[in-house]
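We did not get these values from a lab; they are worked out from the coordinates using the rules stated. Since this is a predicted model, take the numbers as computed values, not measurements. Counting neighbours? That spans all protein chains shown, and the Cβs are built from the backbone with ideal geometry, glycine included.
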Amino acid sequence: MNEVAPAAARLPAAPPSAGPEADGCWRRSELARLWARGRRFLGTDLAILGGAMTWVSERRLVAAISNAGGFGVIASGSMSPDQLAAEIAATSQLTDRPFGVNLITLHPQLDALIDVCVAQRVGHVVLAGGIPGAAAIQRIRDGGARVVCFAPALAVARKLVRLGADAIVIEGSEAGGHIGPVSTAVLAQEVLPHLGEVPVFVAGGIGRGEAIVSYLDMGAAGVQLGTRFVCAHESIAHPRFKEAFLRAAARDAVPSVQLDPRFPVIPVRALANPATVRFRDVQRAVIDRFNRGELSLKEAQLEIEHFWAGALRRAVIDGDIETGSLMAGQSVGLVTREQSVADILGELVEQALSIIAGRARPGSPVAAGAAGLGG
Ligand SMILES: Cc1cc2nc3c(=O)[nH]c(=O)nc-3n(C[C@H](O)[C@H](O)[C@H](O)COP(=O)(O)O)c2cc1C
């Protein structure tokens, strides 16, 4: 009921005959088998979501991902309901494949944004930026869309499924943007063996197809990647933002630093730049003023929170890589050149197939040997 048929099945089944062609077909049908649940849920050829990235995931990138067989997701974090309506309509002009919309649960106009998605018949709504309430989930479901929620732990995932989530994304701390404390590898082990009721998509730190297969093997329905798509030709990110990605190594993508537990900082993974250094200095100065009684607790907290206001837009759109926020995941080290979305997805699939190639095909001499039937 919650899972739909793929738009097009491009992955043929293996013919019975042996030989390289049969092996190629077998690898493809094996991959199709591994992520069949994710493909059904998304209605796509590939069970790969293009994770929504505020300012980056607009009509062009989203449509390019969907047109290339993945599942593009519009990031609405910076949009009003009218802007979102226009973005959905514009994306629909560029693709007739399924795509989704990412809504930030803390958005002051969340209900109005949900209503836009329902009115525009968006098939999948991804609720991000905090644990969503039952009312938001129900509103989306009542409108006929599927609800995808982020879960930072197994217990939360179970609760969200009880509340009506149709699928779960588990995102580890390797990811770009707002992050939780637990790595993708550990979160996957905590959740995947125990959550069979709905499809689970794994996000955070995935940059190659071999990693995708490893999570599918563990029971994931599919994956979500963000960082890998930032330098796509179809991404509108400013050339300087893309250059920063191309230059960066994994270790350059670091979480924001909190200096004092009295003044919590929401952890965000981004490339270190002059702004991240200044953020530390600003926190230090604000804490000193608070300690001297010049600021109330609330005033001090607000000053710290305001530091990053507008910073992602400055970096992504204006190309200000000195004072802007260069949100990026650790997989940034695997982003080495600008490519089309189709090339990126094609590369991921080839890498996935290459790791599957090392496996024994049913009926092959290797498989027979492994089963104790070899001569
Ligand atoms: C520049 C940037 C902006 C992002 N903005 C959002 C957002 O608005 N909403 C959201 O749910 N996730 C956001 N993310 C997270 C992505 O959707 C995705 O889950 C994440 O990038 C996956 O991990 P990866 O970066 O290791 O591929 C953002 C990530 C990046 C790099």
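So what are the ³J(HN,Hα) numbers for the stretch 321-335, from phi and the Karplus equation (6.51, -1.76, 1.60; θ = phi - 60°), rounded to whole Hz, Gly and Pro as x?
8, 8, 9, x, 9, 9, 3, 7, x, 5, 5, 4, x, 9, 8
For the stretch 62-70, in order, what is each residue's ³J(HN,Hα) by Karplus, 6.51 cos²θ - 1.76 cosθ + 1.60 with θ = phi - 60°, in whole Hz (x at glycine and Pro)?
4, 5, 5, 5, 5, 5, 8, x, x
Using only alpha carbon positions, build the gyration tensor of the stretch 99-249, then give the equivalent ellipsoid semi-axes as the square roots of 5 times its eigenvalues, largest first, whole angstrom.
Over the Cα atoms of the stretch 99-249, the semi-axes work out to 25, 21, 13 Å.
What residues qualify as long-range amide H neighbours of Gly207, i.e. H under 5 Å apart, gap of 5 or more or another chain, H built at 1.01 Å from N?
Sorted by chain and number, the residues that satisfy this come to none at all.
Limiting things to C-alpha atoms, what are the Rg and the maximum Cα-Cα separation (Dmax) for the stretch 128-215, in angstroms?
Answer for the stretch 128-215, Rg first and Dmax second: 13.0, 39 Å.
In whole Å, what three semi-axes, largest first, describe the equivalent ellipsoid of the chain built from its Cα gyration tensor (square root of 5 times each eigenvalue)?
Over the Cα atoms of the chain, the ellipsoid semi-axes are 37, 23, 20 Å.
What is the extension gain from Ile131 to Ala285, computed as 0.36 nm multiplied by their sequence separation minus the C-alpha to C-alpha distance, in nm to one decimal?
Length gained between Ile131 and Ala285: 52.2 nm.
Separation of the stretch 183-241 and the stretch 260-304 by C-alpha centroid, Å?
32 Å
For the stretch 47-91, evaluate the Debye formula with one uniform point scatterer on each Cα (no solvent term) and list log10 I(q)/I(0) at q = 0.32 Å⁻¹, rounded to two decimals.
Values returned for q = 0.32 Å⁻¹ are -1.14.
Just Gly133, Gly176, Gly43 to compare: in a GNM of the chain, with alpha carbon springs under 10 Å, which one fluctuates most?
Comparing Gly133, Gly176, Gly43 in the GNM, the peak value goes to Gly133.
Among Val265, Val335, Val200, determine the one that fluctuates most according to a GNM of the chain built with springs between C-alpha atoms less than 10 Å apart.
Taking springs between Cα atoms under 10 Å, the residue moving most is Val265.
List every residue whose amide H lies under 5 Å from the amide H of Ala270, counting only residues 5 or more places away in sequence or on a different chain, with H placed 1.01 Å from N in the peptide plane.
Placed amide hydrogens put Val254, Ser256, Ala328 under 5 Å from Ala270.
Within the set of other residues whose C-beta is less than 10 Å from the C-beta of Ser78, count the net charge using Lys and Arg as +1 and Asp and Glu as -1.
For residues surrounding Ser78, the net value is 0.
What Kirkwood hydrodynamic radius, in Å, does the stretch 249-327 give when the mean of 1/r is taken over all pairs of distinct Cα atoms and then inverted?
13.1 Å
Fully extended, how many nm does the chain gain between Gln138 and Ala309 (0.36 nm per residue separation, minus their Cα-Cα distance)?
Result: 58.5 nm gained on full extension.
Once phi is turned into θ = phi - 60°, what whole-Hz ³J(HN,Hα) does the Karplus curve with 6.51, -1.76 and 1.60 give for every residue of the stretch 289-295, x standing for Gly and Pro?
In residue order, the calculated couplings are 5, 5, 5, 7, x, 7, 10 Hz.
What percentage of all Cα-Cα pairs in the stretch 242-375 are separated by more than 17 Å?
Of the Cα pairs, 70 percent sit more than 17 Å apart.
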